[in-house]
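The values are calculated or read from the model by the stated rules, or taken from the named source; none is laboratory data. Everything numeric in this text was worked out from a predicted model, so none of it was measured. Heads up, the Cβs are rebuilt from the backbone with ideal geometry, glycines too, and the neighbour counts pull from every protein chain shown. Just so you know, the surface numbers come from the protein's heavy atoms only, side chains and all, with ligands and any DNA or RNA stripped out. Shrake-Rupley method; radii C 1.70, N 1.55, O 1.52, S 1.80 Å.
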Amino acid sequence: QVQLVESGGGLVQPGGSLRLSCAASGRIFSINSMGWYRQAPGKERELVATIASDSTTTYADSVKGRFTISRDNANNTVYLQMNSLKPDDTAVYYCNAKIKGSRSSYYSYYYWGQGTQVTVSS
């Protein structure tokens, strides 16, 4: 079984910064893509950023230039550096990873963390 655990959320003022982390543990042979999603109250979960195994990144237009996604392959960890935070960034942030469990596994599977709350307010 694979587990993803997010941390780093909290309450910040507009214009502030937070750094989220997500560590994967369990039966892991390799990790392909990793990403961050968020869900605000009353809204659907949306993609924030992704990072591929070759470190290629994508970002939602709403966070481009403010957020940076990175990964530490040796520690199976993905980060999201969030700068210039806005009230609209308030949401529960979830990490996601596509993981192959063993060398003999035929498929890779997507896993989700439990989420960490980010609140941007004066």
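Quote the charge dipole size of the chain about the Cα centre in Debye, to the nearest 20; the model charges only the Cβ of Lys and Arg (+1) and of Asp and Glu (-1).
So the dipole magnitude of the chain works out to roughly 240 debye.
Can you list which of the chymotrypsin sites (Phe, Trp or Tyr not before Pro) found in the range 1-110 are DSSP loop residues with at most 10 other C-beta atoms within 10 Å?
Taking the range 1-110 and a limit of 10 other Cβ atoms within 10 Å, the loop chymotrypsin sites (Phe, Trp or Tyr not before Pro) found are Tyr106, Tyr107.
With a 1.4 Å probe and all protein chains left in place, how much of the accessible area of the range 36-88 comes from carbon and sulfur atoms, in whole percent?
Percent of accessible area from carbon and sulfur atoms in the range 36-88: 44.
What's the local net charge at Lys98, with K and R +1, D and E -1, over the other residues with C-beta under 15 Å away?
Net of charged neighbours comes to +2.
Rounded to the nearest 0.05, what FRET efficiency do Ser122 and Asn32 have when you use their Cβ-Cβ distance and R0 = 30 Å?
0.15
Once phi is turned into ³J(HN,Hα) by the Karplus curve 6.51 cos²θ - 1.76 cosθ + 1.60 with θ = phi - 60°, what whole-Hz value does each residue of the range 111-122 show in order, with x for glycine and proline?
The phi angles translate into 10, 10, x, 7, x, 9, 7, 10, 10, 10, 7, 7 Hz.
May I ask you to give the solvent-accessible area per residue for the chain, in square angstrom, as obtained with a 1.4 angstrom probe?
For the chain, the per-residue accessible area is 56 Å².
Give me Rg over Rh for the chain, both radii from the alpha carbons and Rh done the Kirkwood way, two decimal places.
Rg divided by Rh gives 0.99.
Just to be sure I follow the rule: in the chain, considering lysines 8 or more places apart or on different chains, how many pairs have Cα atoms under 26 Å apart?
Summing the qualifying lysine pairs gives 5.
Return the single residue from Ser104, Ser70, Ser53 with maximal mean-square fluctuation; model: Gaussian network over the chain, springs between Cα atoms under 10 Å.
Greatest mean-square fluctuation among the candidates belongs to Ser104.
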